[in-house]
Each structure stands twice: as structure tokens, then as C-alpha cells.
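Bear in mind that the values in this text are calculations on the coordinates, not laboratory data. In this text the structure is predicted, and so the values were computed from the model without any measurement. Note: ideal-geometry Cβ built from the backbone for every residue, glycine included; neighbour counts use all protein chains shown.
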Amino acid sequence: MSLEKLDNLVKTGQLKLEPPNQDEFDGMIASAKARLQDSQLTGLSADSQFHLAYGAAHALSLAAMRWHGYRSDSRYLVFQCLEQTLGVEKVKWRVLDQCHKQRNIAEYEGYLEIAPQLLKELIEISEDLLQRVESLGNIKKQKATL
């Protein structure tokens, strides 16, 4: 994975360089795992499932970015950079972008209607992100070998 695009985003001020932190990384993964697990509990509304799975996807996407030593305040950019941080296919991060738009409509306009297929894809992508993020390994070990 080339991080050249991320470095260009630093130059334009859209991303910040920040040394990765193992405790922060581990906390993001733990939070994402709990949310992802909870998103699949029977009896939850589609709205609750969506918000939990979306939160898991965001936490994992941010964890991947932080593992590489970058930080962003933009949820959209965190998802868009998955192509560089985890090698995620465009089609997957575009689904996450669609979920981001749905989330914003719910948060700012009070309207949330989640298509069952979108929720299914969100959960599947979040599970994939979890596997990819966990495969990155320990920050301390990774940085020690550079």
C-alpha cells in the first residue's frame, strides 16, 4: 500500500501526521468489536443496528489511519483513505460513504430509513475491516522493525 496519497493530504492540511499510539489503537479495536457484536443482537431496531455498525466501521477505519501515523477529523476522509490504509476496494468504501450520508441525514434532518441490504453490507464490511485492522499487528513491533 502506498501512503503517498496520504502524505499529499497532509500537505494540503486535510490530514495530520501524529505518531501512532498502541493504547489508542487497542481501544478503537475494542470499541469496534463491542459495537459490531451489539449491532447483531436480535431485537434491536434497524436504526440501532445501523448506528452501532456504522460506529464500528468508523472506529476501525480511524484505527487503520492511526496505525499508519495519520489523523483526520473528517469521517468521509477516514473512509476514503481505506484504499491506502488497508487496501480496501473502492466499492466497499463507497458503501461506507453512502452510510455516512445516511447517518448525516438522520443526525441533522431527523430522517433515517435504512434499507436492509445496506445494513447487511455495512455489517459485512465492518467485519472485513476488523480482520484487516487486526492483521496490521502491534504498533510497537511494527515501528521497531522500520
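Laid out as a table, the results:
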item	result
Net charge of Cβ neighbours under 10 Å - reference Lys16; Lys, Arg +1; Asp, Glu -1	-1
For the chain, Kirkwood radius (reciprocal of mean inverse C-alpha pair distance, Å)	15.6 Å
Relative contact order, percent, the range 45-146 [alpha-carbon distance under 8 Å, six or more residues apart]	37 percent
Net lengthening on full extension, Tyr108/Ala34 (0.36 nm per residue, minus Cα-Cα)	24.1 nm
Filtered GluC sites (Glu not before Pro), the range 57-112: DSSP coil and at most 14 other beta carbons within 10 Å	Glu89
At least 20 Å along the helix axis (C-alpha) and Kyte average at least 0.0, DSSP helices within the chain	46-67
Within the chain: Cβ-based charge dipole about Cα centre, in debye rounded to nearest 20 (Lys, Arg +1; Asp, Glu -1)	440 debye
Local electrostatic count, Leu112, Cβ distance below 10 Å [Lys/Arg +1, Asp/Glu -1]	-3
Per DSSP, loop chymotrypsin sites (Phe, Trp or Tyr not before Pro) in the range 73-130 with at most 13 further Cβ within 10 Å	Tyr111
